[in-house]
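Report on the following structure.
Throughout, read-outs are computed from the coordinates displayed, never taken from laboratory work. Every value quoted in this text rests on a predicted model; they were computed, and no experiment measured them. Because the Cβ atoms are built from the backbone with ideal geometry, glycine has one as well, and the counts that use them run over all protein chains shown.
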Amino acid sequence: MQYDEVMIRYGELSTKGKNKKIFIKQLAHNVKFALHDFEALKVHGERDRMHLELNGSDSDAVLERLESIFGIQTYSPVRRIERDLELVKKVAVEMIKELYTEGKTFKIATRRSDHDYELDTNDMNQLLGAEIFSKIEGIKVQMKKPDITLRVEIRNEGFFLSSRTILGAGGLPVGSSGRGMLMLSGGIDSPVAGYLTMKRGVDIEAVHFHSPPYTSPRALQKAKDLAAKLAAFSGSVQFIEVPFTEIQEEIKKIVPEGYLMTVTRRLMMRLTDRIREERKGLAIINGESLGQVASQTLHSMIAINDVTATPVIRPVISMDKNEIIEIAQKIDTFELSIQPFEDCCTIFAPPSPKTQPKLEKARKYESRLDVEGLIERAMNGLVITKITVGDTLEAQQKADFSSLL
Amino acid sequence: MIYFDNSATTSIDKDVLQTFEKVSQTINGNPSSLHQLGDYADGLLQQSRKQIADLLHVLPEEIYFTSGGTEGDNWAIKGTAIEKRQFGRHIITTSVEHPAVKESVGQLKMLGFDVTILPVDHSGRVAVSDLKEALRSDTILVSIMAVNNEVGSIQPIGEIEEVLKNYPRVHFHVDAVQAIGKIPFLLGSESRIDLATFSAHKFHGPKGMGFMYIKKGKKIAPLLNGGGQESGRRSGTENVAGAAAMAKALRLVLEKTEEKQKSQKEIKTYLTEKLAGYKKVSIFSQKEGAPHILCFALKGIRGEVMVHAFEKKEIYISTTSACSSRNGTTSSTLVAMNVPEKIATSAVRISLTDTNKLEEAKIFMEEFDHLYQQFKDIK
């Protein structure tokens, strides 16, 4: 069914007091961005609800896009018709028929903002209820928890009808909690960490360490494809590629094997923090999960986190692998993540890294490096790309190949 | 020129050829190579596979690229025999199969497999009851073509599937080379077909290219061992240009199939009706057969003579199948249909494609009338 409007309910935002205005503005901005290619569509952000005027835009496509936008509790597609009683009867039957299967119950819930209208809410409920009884055999009315609720609003501009309430993604609008740097490898955990942080309103920029020729162009592409998946929740993600070859080679040459991994992580953390500072971020986010690998013990965290006082958010820290995988599957990053391309974390990985590195030793070994010089050169080589939904290798190739096929 | 020999081969479509050329010139990596050129070539190969799968409503992993119909038939039959030999050694096929099936089964017979060849009726169709009788506990394979290449008879694949639903361990192979684009065809989870053979040059694709459908979960041994391409089931460096061109050809042939089938059927009906008006003509193709094949004979005149007589007028037809026409053997399908050998040697085949026009059929009939008058008094 083609609809004319969509009504969006905020949920959690409504309780946020003073910040509410900011949240609503941010959400309206995100919704506009996610739907930017529907040129006729208009977004009206009001105090309690947001209204989208579709003006002929494909309503199914719009509804699908809204699914992944954080800050939306529920939303309903709405038919807007002229104030004509014959027409409203016909449309009401159509809308219920679309949802009705044998045994389902319904009710009509009318609201009236035009109080001068000839019928009051009861009249309208009865009129439409009677019509539905006569046109749909076997349907039953139920006031408490019916299967189908047809909402009718009588306004000056017309009748507004809606019968479906779709569950939104919840959370807070991305951007309403500020910006953070996500350390995005190619694994299963970091995209999930990014997603969970976005859900609480943080605007994510993806920092990816790339060490050619030790890591392949496919590994880089994979990280970008993952960023494109995350972009579905915000419209776009800035992808920051950090040249890491020189640093890894230096560490390999100078640092004792047992501390290779710890020092490498310290440098990654330092670089991410520097990028955060430059790009006005407020936090660092990573996909560490306690006990999963050597770098993810509490001892390691002390030795690594030592380089910064910036909050490091670790949304999956206490999750089991299975729980993380479940979310990865839900946000469609899992299949991508398990593609076998080596990333920079594994290339120089020693056979037995220290699981209980000492902070003092980590500091000592790191100090043998020209940390400032290394960081400076890496910062000069940053490559920043804006990645939007669908910017994946597959989509790109599909476009390339479509003329051939 | 009038080309009425489309079951032998079709001309490659202009746009398909363009794809073949462009891919050959610009996408040169080996899909198995690690570098970006390899990745890119692999991307196109997988995209081609997906397109074919989507068009047939099956999964990409159920499509395997081959060199064509002959390889597909050989693979389905011998691959099944090798894979399932410890479960049984009985194979069922029909008397009207393409030589690629017939000879493969023959080779297995030499190796000790037991073969049942189902007879056909006067219309070229097998009886489902014969199949039921032939099935045994050690049967491993039933191989039956969808559309016969010589007379265009359509086998009762749907009914055969019903029977085989009670024999889940038997592989069911369908040679679909003459069927694709010509008759409705169902593969996938709803279908009982396990294996199906396709060839690109029969639907305006490139020569030397084809694909096999292997239902998910069904196993056949590879015939071509080597570098492990095609998920280890069919080795050999992939023909990326051929695969892309074939995927495009399949898309084009399956566009508006109903219209295309209707126009071919119209031409076939026209020719059938006209030819039936001649006393010395026997027609072997059924009205209900495939829309593109018409097999008939002018009594007393060998098929070969007809072919050459028409060739002089730049009209190209064939003596039954192209494969048997060179070595002068009589149509095995007609013999299987109990057509007397004397008449069978006179058989010729007209085979159509969607670009053929009714006008061409009219010109054909004019020329046929001249020849008929010329040959009338020859015994």
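Computed values, structure above
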{"item": "Debye equation applied to the C-alpha atoms of the range A:5-169, log10 I(q)/I(0) at 0.13, 0.16, 0.17 Å⁻¹", "result": "-0.69, -0.99, -1.08"}
{"item": "Length-normalised contact order for the range A:236-298 - Cα pairs under 8 Å, 6+ apart - percent", "result": "19 percent"}
{"item": "Histogram of C-alpha separations across chain A, 10 Å bin width, %", "result": "4, 19, 25, 19, 14, 10, 6, 3, 0"}
{"item": "Greater than 18 Å apart at Cα, pairs in B:LYS14/B:LYS207; B:LYS109/B:LYS215; A:LYS330/B:LYS215", "result": "B:LYS109/B:LYS215; A:LYS330/B:LYS215"}
{"item": "Options A:PRO213, B:LEU45, B:GLY188, ranked by Cα towards positive dipole end of the protein assembly as shown, top entry (Cβ charges)", "result": "A:PRO213"}
{"item": "Under 13 Å from A:LYS90, Cα to Cα: aspartates and glutamates that are on another chain or at least 8 residues apart", "result": "A:GLU82, A:GLU98, A:GLU131"}
{"item": "Set of aspartates and glutamates near A:LYS25 by C-alpha distance (under 14 Å), chain-local residues within fewer than 8 positions excluded", "result": "A:GLU46, A:ASP48"}
{"item": "Cα-derived Rg to Rh of the range A:179-400, Kirkwood definition", "result": "0.94"}
{"item": "Residues B:VAL170, B:VAL128, A:VAL312 arranged by fewest to most Cβ contacts within 10 Å", "result": "B:VAL128, A:VAL312, B:VAL170"}
{"item": "Among A:LEU99, A:LEU127, A:HIS44 - extreme Cα towards positive end, dipole of the range A:5-169, charges at beta-carbon", "result": "A:HIS44"}
{"item": "Positive dipole terminus of the protein assembly as shown, leading residue within A:MET198, B:THR272, B:LEU254 (C-beta point charges)", "result": "A:MET198"}
{"item": "Exposure proxy ranking, count of Cβ atoms within 10 Å, fewest first, for A:ASP120, B:ASP39, B:ASP73, A:ASP343", "result": "A:ASP120, B:ASP39, A:ASP343, B:ASP73"}
{"item": "Charge dipole (debye, nearest 20) of the protein assembly as shown; +1 at Cβ of Lys and Arg, -1 at Cβ of Asp and Glu", "result": "1040 debye"}
{"item": "Long pairs among B:LYS268/B:LYS299; A:LYS97/A:LYS145; A:LYS32/A:LYS222; B:LYS182/B:LYS312; A:LYS386/B:LYS50; A:LYS89/A:LYS144, criterion Cα-Cα beyond 26 Å", "result": "A:LYS32/A:LYS222; B:LYS182/B:LYS312; A:LYS386/B:LYS50"}
{"item": "Nearest-20 debye value, chain B charge dipole, Cβ charges on Lys, Arg, Asp, Glu", "result": "540 debye"}
{"item": "Which of B:HIS90, A:HIS299 has the fewest Cβ neighbours within 10 Å, and the rest in rising order", "result": "A:HIS299, B:HIS90"}
{"item": "Cα Rg over Rh - the range B:14-254, Kirkwood", "result": "0.98"}
{"item": "Structure-based [θ]222 nm, chain A - -39500 (n - 2.57) summed over DSSP H runs of at least 4, per residue, nearest 500", "result": "-12000 deg cm²/dmol"}
{"item": "P(r) of the protein assembly as shown over all Cα-Cα pairs, binned every 20 Å from zero, in whole percent", "result": "13, 30, 31, 22, 4, 0"}
{"item": "Unit charges on C-beta of K, R, D, E only; dipole of chain A, Debye", "result": "1300 debye"}
